Amino acid sequence: MHDLQTLSAAEWEDCFNKVLFPLLSKLLDTINSQDPSGIEETRMRAATLLCKVFLQHLTPLLSLSTFTALWLTILEFMDKYMHADRSDLLNEAIPELLKNMLLVMYTAGILSSSSEDTQLWKLTWDRIHTFLPNLRDDVFKPHEIGPRKPTEGSTNKSPAVVQTPPGGSSSLPTTTQPQPVSDPPSQEQLPPVA
């Protein structure tokens, strides 16, 4: 059996394109109309899995020339899942999953509004704006948007702190405010997959 930690960036891309994306597509079809809450829960878990795999393997995925296309495909699935059967569970879960991914990417310096990163920033927000027009203001206060620079004496290089929301009943992580980083995260610095 192949150790998942040793997969290359191209092999992870294949996992997204040949396993995760087809799974997410199949789950958009109504599978069992007799159990709408069951499919809603399954879709929520699949979206959570997509986000966790993406964040866990963000460092190798960044080396792909197709990273932007992969990211935009993830955003497309988030949009589709937001509108799947008018699900309350997904309407609450998808914005939280997106916030977590965006904050990790922003904190790691992958997503910023600085001049060299403007294309990914613009593509990201243009796509998200089509289904969550207020998310940018919810995630980033206007004075917080800009290039990430480490503060003097800062040694915290972890991309984000993942917590369980109050009440602990949700299996979805939420993220605290990002901490400055000086370098992109290593595999060990990315949030653990539970």
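The values are calculated or read from the model by the stated rules, or taken from the named source; none is laboratory data. Bear in mind the structure is a predicted one, so any value in this text is a computation, not a measurement. Ideal geometry is used to build each Cβ from the backbone, glycine not excepted, and the neighbour counts take in all protein chains shown. Heavy atoms of the whole protein, side chains included, go into the accessibility calculation; ligands, DNA and RNA do not. Shrake-Rupley method; radii C 1.70, N 1.55, O 1.52, S 1.80 Å.
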So which of Ser114, Ser25, Ser37, Ser63 ends up being free of Cβ contacts under 8 Å to residues at least 60 places away in the same chain, in contact with a Pro (Cβ under 9 Å, 6 or more places away or on another chain) and among the polar types (S, T, N, Q)?
Ser114
If Asp85 meets every condition in (1) within 10 Å of the chain's Cα centre (by Cα); (2) of a type in the set (Asp, Glu); (3) closer than 23 Å to Asp35 by Cβ apart from one, which number is that one?
(1)
For residues that are over 19 Å from Leu20 (Cβ atoms) and part of a helix (DSSP H, G or I), scanning just segment 73-95, find the one that is most open to solvent (accessible area, probe 1.4 Å).
Arg86
Any hit, segment 94-102, residues being modelled with pLDDT under 90 and in contact with a Pro (Cβ under 7 Å, 6 or more places away or on another chain)
no
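Consider Leu70 carefully, then state whether it is closer than 22 Å to Thr118 by Cβ, among the hydrophobic types (A, V, I, L, M, F, W, C) and open to solvent by 20 Å² or more (accessible area, probe 1.4 Å). Spell out the reasoning first.
Values: closer than 22 Å to Thr118 by Cβ: yes; among the hydrophobic types (A, V, I, L, M, F, W, C): yes; open to solvent by 20 Å² or more (accessible area, probe 1.4 Å): no.
In short, no.
Taking segment 44-67 as the region of interest, how many residues are in a loop (DSSP other than H, G, I, E, B) and either touching a strand residue (DSSP E or B) at 6+ places or on another chain (Cβ under 9 Å) or open to solvent by 50 Å² or more (accessible area, probe 1.4 Å) (or both)? Write out each step before concluding.
Pass one, segment 44-67, residues in a loop (DSSP other than H, G, I, E, B): 57, 63-66.
After this cut, where a residue has to be either touching a strand residue (DSSP E or B) at 6+ places or on another chain (Cβ under 9 Å) or open to solvent by 50 Å² or more (accessible area, probe 1.4 Å) (or both) as well, the list is 63, 65-66.
Here the count works out to 3.
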Exactly one condition in (1) assigned to a helix (DSSP H, G or I); (2) open to solvent by less than 80 Å² (accessible area, probe 1.4 Å) is not met by Pro133; state its number.
(1)
Can you tell me which residues in segment 96-119 are part of a helix (DSSP H, G or I), within 18 Å of Asn134 (Cβ to Cβ) and either touching a Leu at 6+ places or on another chain (Cβ under 7 Å) or open to solvent by 20 Å² or more (accessible area, probe 1.4 Å) (or both)?
Glu96, Leu97, Leu98, Lys99, Met101, Leu102
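Quick one: in segment 120-130, of everything that is more than 11 Å from Trp71 (Cα to Cα) and among the hydrophobic types (A, V, I, L, M, F, W, C), which residue is least open to solvent (accessible area, probe 1.4 Å)?
Within segment 120-130, the subset more than 11 Å from Trp71 (Cα to Cα) is 121-122, 125-126, 128-130.
Add one more test, that the residue is among the hydrophobic types (A, V, I, L, M, F, W, C), and what stays is 121, 125, 128.
Working: Trp121: 16, Trp125: 16, Ile128: 0 Å².
It comes out as Ile128.
Evaluate the following for Leu24: is it under 30 Å from Thr6 (Cβ atoms), open to solvent by less than 10 Å² (accessible area, probe 1.4 Å) and either among the hydroxyl-bearing types (Ser, Thr, Tyr) or more than 13 Å from the chain's Cα centre (by Cα) (or both)?
On the way: under 30 Å from Thr6 (Cβ atoms): yes; open to solvent by less than 10 Å² (accessible area, probe 1.4 Å): yes; either among the hydroxyl-bearing types (Ser, Thr, Tyr) or more than 13 Å from the chain's Cα centre (by Cα) (or both): yes.
Yes, satisfied.
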